[in-house]
1. Could we say that B:Thr13 is buried (at least 20 other Cβ atoms within 10 Å of the Cβ) and not assigned by TED's automatic domain parsing to the domain that holds B:Gly248 here?
2. Within the stretch B:140-159, can you find the residues that are more than 24 Å from the chain's Cα centre (by Cα) and at pLDDT 95 or above?
3. Would you point out which residue out of B:Ser266, B:Ser196 is surrounded by fewer than 19 Cβ atoms within 10 Å (Cβ to Cβ), away from every other protein chain (no Cβ under 14 Å), over 25 Å from the mean Cα position of the chain (by Cα) and not in a loop (DSSP other than H, G, I, E, B)?
4. Return the residues of the stretch B:14-48 that are of a type in the set (D, E, K, R), in contact with a helix residue (DSSP H, G or I) (Cβ under 8 Å, 6 or more places away or on another chain) and over 13 Å from B:Gln98 (Cβ atoms); say none if nothing qualifies.
5. Please verify whether B:Thr146 is in a loop (DSSP other than H, G, I, E, B), without any contact (Cβ under 8 Å) to a residue 12 or more places away in the chain and not assigned by TED's automatic domain parsing to the domain that holds B:Tyr276, treating the condition exactly as stated.
6. Do any residues in the stretch B:326-345 that are outside the structural domain of B:Leu285 (by TED's automatic domain parsing) have Cβ atoms under 6 Å from those of residues that are at pLDDT below 95 and aliphatic (A, V, I, L, M), where the two are at least six apart or on different chains, and which pairs are they?
7. Which is closer than 18 Å to B:Asp185 by Cα and surrounded by fewer than 23 Cβ atoms within 10 Å (Cβ to Cβ), of B:Gly120, B:Gly95, B:Gly69, B:Gly58?
8. How many residues, within the stretch B:286-328, are surrounded by fewer than 19 Cβ atoms within 10 Å (Cβ to Cβ), among the charged types (D, E, K, R) and either under 27 Å from the mean Cα position of the chain (by Cα) or under 12 Å from B:Asn200 (Cβ atoms) (or both)?
Amino acid sequence: MRRGWEVELSNGVILRESDLDWKKVPKNQIVRLSLLYDGRIWNLSGKEAYFVKYRASVVPGIAESFRVERRTIGFYEGAKKICYHVEESTGKFSMEVIDNSGD
Amino acid sequence: MAAITRWVQYAITASGIANDGRGNGCVGTRGYSIATADIGDTIDIGPTTNLLHLSIDGGAGTYITLYSGTGLDPRFVARDITEKIHQEAEDSFGGDAQWAQAICTWENTTITGTITDRNGFVIRSGTLGSSSSVTVATSGTNSAHTVLGFASKSEAGGAELPDGKGAYTFTGTVDIGGSYYGFFDEVYKVVACNGSQGTNNIGTVTKGGSNTYGGTMTKGGIFNWAGNITYVISINTDNGTTMGNGTGNVPRMNWTGSGGGADSQSDWVELLYPDYWYYVGKHGLMVKFTDAVFNTVNPAWTIPCYKPDYVEGTNATAAIGTAKYMWSSDRGDDCQTAVATVSGGYTALGTRGLTIQFTGGAGSDLGAGDCYYVICSAPRPSDYNITSLNYGNVTVSTESDLKSVMFEVESGAVSIDTVKFSLQSDGSFSHHDAGNSDTYFRFGTVGPGNTNTGSTSPRGKEWWPNLLASDIDSDSPPSYLYATEDNLSVVATADAGEPVGDCPLKGMTSDPMWLNIKLGASETGANSTINYRLYFDYN
């Protein structure tokens, strides 16, 4: 798998985006969440909860036009979501903190 | 993983409808059918499982054909069922409210008994009162009942009076005025009370000392019962600490309800989605949570709810003109402050355009706890899975007709946000952004995610029928829209697109968008095409 998330569970099992829907990942067993992009890798571990997210785009009504614009892995710090973004077309990396405590 | 999306078109003239429960004066409860089998939180519907046979109010049953797909979001399926029922109302039942105002929801059911999976489908009749009922057939060719969880079900007819009431003080009539400018189905509950016991009869929420949840828990609904009840919510994170991770991987809640009525539930309710309303108890209290980390804790929150004692001052009854009432909807439209009735006049009901009037002769006082329901149906789509918009033959220097569309995710995600609409290509048009009698590509939006921004309250409008080109031909929206753009530019990134609201309550939906073109004076040619592109975040 060139791009996408990869999870390592506490029992050593490795799960990948190409094989599994994120919803099916047993979240309480994650010891590492990684984002892969053409040989680059970003690793997260030791966090209380993780998430993955995508930015996509689509031309109205044309399913074939669907494309991923950005992949995101991240973790929670209480009500804050710490996001690691990687742009799909350039591999450019950025970080973002989303605060869900006050909305 | 790819999210599966679709576009839905609405007639510009489509409009919502508010109803009093099929001539029942807004009094009573709705009969229902609740699916109680454990089906998880994704639904597979195909050619052999797409027929749902329904009978409403004991009348002739009929089949509705459901949308097919794999891993469908249950909120999406619930709205599909509702829209198919409403279509059936028009096709086979002459628009009768029993069908036209029937609603299917995906909700946590609070009926008595042990249920393994408390989140399920509920179909309610559009009728209020004892003649109200819904029956889902559990046999038949290509039946959808099993995949929807109706293999085991709980069905009950409506009651003449809600909330355990034996009688109402008010003997007059209730009329609904105005127009419903909501975009999704909604049920308003109106309770005669003056709010002296707390907003919507719900008191101050206390967070448990060991509760580390740092997000925002919001209370909603309106409480109405014969006694006070204090609910204590507990949270369990054995399966997961955050929402949005699918069944089996999310936090759960249950509660005890002590005081004036036993209303506890030991079955766990999975908190599947952030910012989604969950019922607590049977008497009107709802809660929702922003996306944050939960911990196992009891008590997590303590919520005192009070029976309505007064309608004015410390009077349990009062005449129209001095008596007050409060309202709340199942989508979280809340009054916050009690409204005084007006003798001979309509007063506010919700923020989406409705009003209510109480009429009665001498001695027709309102009594604390008198309760009324108003059932609202959304504008109905005209076409699903559209692949293009045809503006028709447009004359130079004139505006085309408007088209209205909504974007949604049907599967492959649990939430969307940061929706942006853009013009990807102006195609063969040669006078767009050219500074020479230009062609304009116009855009406007309002909806559940971003309601109208006008200076006059209330500002809860989510839809506006019969929009004109002149409503979106400037960058200053009219009072009934959220935003307009007189001329979309060709852009290549999400950040440059036009923001569009989103809503998690009836699926993963964008707000409706209105589009048209004004053809520049020098444009020539025929069959010109443009491409729009929509950006969205999902997980």
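The values are calculated or read from the model by the stated rules, or taken from the named source; none is laboratory data. Quantities reported herein were computed from a predicted structural model and do not represent experimental measurements. Please note: Cβ atoms are built from the backbone with ideal geometry, for glycine as well, and neighbour counts cover all protein chains shown.
1. Numbers: buried (at least 20 other Cβ atoms within 10 Å of the Cβ): no; not assigned by TED's automatic domain parsing to the domain that holds B:Gly248: yes.
No.
2. To start, the set of residues in the stretch B:140-159 that are more than 24 Å from the chain's Cα centre (by Cα) comprises B:140-143, B:146, B:151-152.
Across the stretch B:140-159, the qualifying residues are B:Thr141, B:Asn142, B:Ser143, B:Thr146, B:Ala151, B:Ser152.
3. Numbers: B:Ser196 fails: not in a loop (DSSP other than H, G, I, E, B).
Only one candidate passes the filter, namely B:Ser266.
4. Applying the first criterion (of a type in the set (D, E, K, R)) to the stretch B:14-48 yields B:20, B:22, B:30, B:38, B:41, B:44.
Then keep just the ones that are in contact with a helix residue (DSSP H, G or I) (Cβ under 8 Å, 6 or more places away or on another chain); that gives B:22, B:41.
B:Asp41 - this is the single residue of the stretch B:14-48 that is of a type in the set (D, E, K, R), in contact with a helix residue (DSSP H, G or I) (Cβ under 8 Å, 6 or more places away or on another chain) and over 13 Å from B:Gln98 (Cβ atoms).
5. Working: in a loop (DSSP other than H, G, I, E, B): yes; without any contact (Cβ under 8 Å) to a residue 12 or more places away in the chain: no; not assigned by TED's automatic domain parsing to the domain that holds B:Tyr276: yes.
Criteria not met by B:Thr146.
6. B:Val339/B:Ala348
7. Working: B:Gly120 fails: surrounded by fewer than 23 Cβ atoms within 10 Å (Cβ to Cβ); B:Gly69 fails: closer than 18 Å to B:Asp185 by Cα; B:Gly58 fails: closer than 18 Å to B:Asp185 by Cα.
Just a single option satisfies the conditions, and that option is B:Gly95.
8. Total meeting the criteria: 0.
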